[in-house]
Each structure stands twice: as C-alpha cells, then as structure tokens.
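Colleague: Following this message is one structure expressed as structure tokens.
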Amino acid sequence: MTRRWFTTCQLITTRLVDGAFEPVPASLAHAKEMGTSRSVCGADVSTWNKLWELPFVAHSAGSCPDCSAWVGRHA
C-alpha cells in the first residue's frame, strides 16, 4: 500500500533506533503529499524538512490539528 501523506516540519532531531539514528520532528508535524509545496492545512512547506520515510500520524501528540482533521476525512 502506498502512503499518501508524509511528515514535514520546520525542525528535526534524531533518535537512536536499533543502533541507527533516525530523523524525527522537533516541531509541529504536518502532512504533505509528494509533488506539493504546501501541507494539507495550507502552510508553505517549501523550505521545511521533508521526512519522506515517516508517514504522517493523524491525531497524535505533536501533529497539526488541521492536517490531522484533513487526513482523517480523506484516508
């Protein structure tokens, strides 16, 4: 199954998982589709970090409420 929404955010940090460092959001996480320059809530994310390997998780702590609502309606 192809993931439709990926995570984008202004700031990132890393966490250690199985001996490797993985990037994770250090600011509010937004949902983004491939090929767009805006998050699904309308924020211009053209200069933000794109975490293509990290699917957007709606309604989790640290996720944009507007993006979560959009993803919840269009899943």
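Here is a yes/no grid of residues against (1) within 19 Å of H74 (Cα to Cα); (2) at pLDDT below 95; (3) assigned to a loop (DSSP other than H, G, I, E, B):
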| position | (1), (2), (3) |
| --- | --- |
| T8 | yes, no, no |
| R15 | no, yes, no |
| E22 | no, yes, no |
| G42 | yes, no, yes |
| S46 | no, no, yes |
| L54 | yes, yes, no |
| V57 | yes, yes, yes |
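Colleague: Among (1) part of a helix (DSSP H, G or I); (2) touching a strand residue (DSSP E or B) at 6+ places or on another chain (Cβ under 7 Å); (3) more than 15 Å from T7 (Cβ to Cβ), where does V71 come up short?
Modeller: Condition not satisfied by V71: (3).
Colleague: Next question. Quick test for you: out of S60, S46, S39, pick the one residue that is in contact with a helix residue (DSSP H, G or I) (Cβ under 9 Å, 6 or more places away or on another chain), closer than 14 Å to C9 by Cα and without any contact (Cβ under 8 Å) to a residue 40 or more places away in the chain. Can you show your working first?
Modeller: Numbers: S60 fails: closer than 14 Å to C9 by Cα; S46 fails: in contact with a helix residue (DSSP H, G or I) (Cβ under 9 Å, 6 or more places away or on another chain).
Sole residue among the options that is in contact with a helix residue (DSSP H, G or I) (Cβ under 9 Å, 6 or more places away or on another chain), closer than 14 Å to C9 by Cα and without any contact (Cβ under 8 Å) to a residue 40 or more places away in the chain: S39.
The values are calculated or read from the model by the stated rules, or taken from the named source; none is laboratory data. Model, not experiment: these values are computed from the prediction. Every residue, glycine as well, gets a Cβ built from its backbone with ideal geometry; the counts of neighbours run over all protein chains shown.
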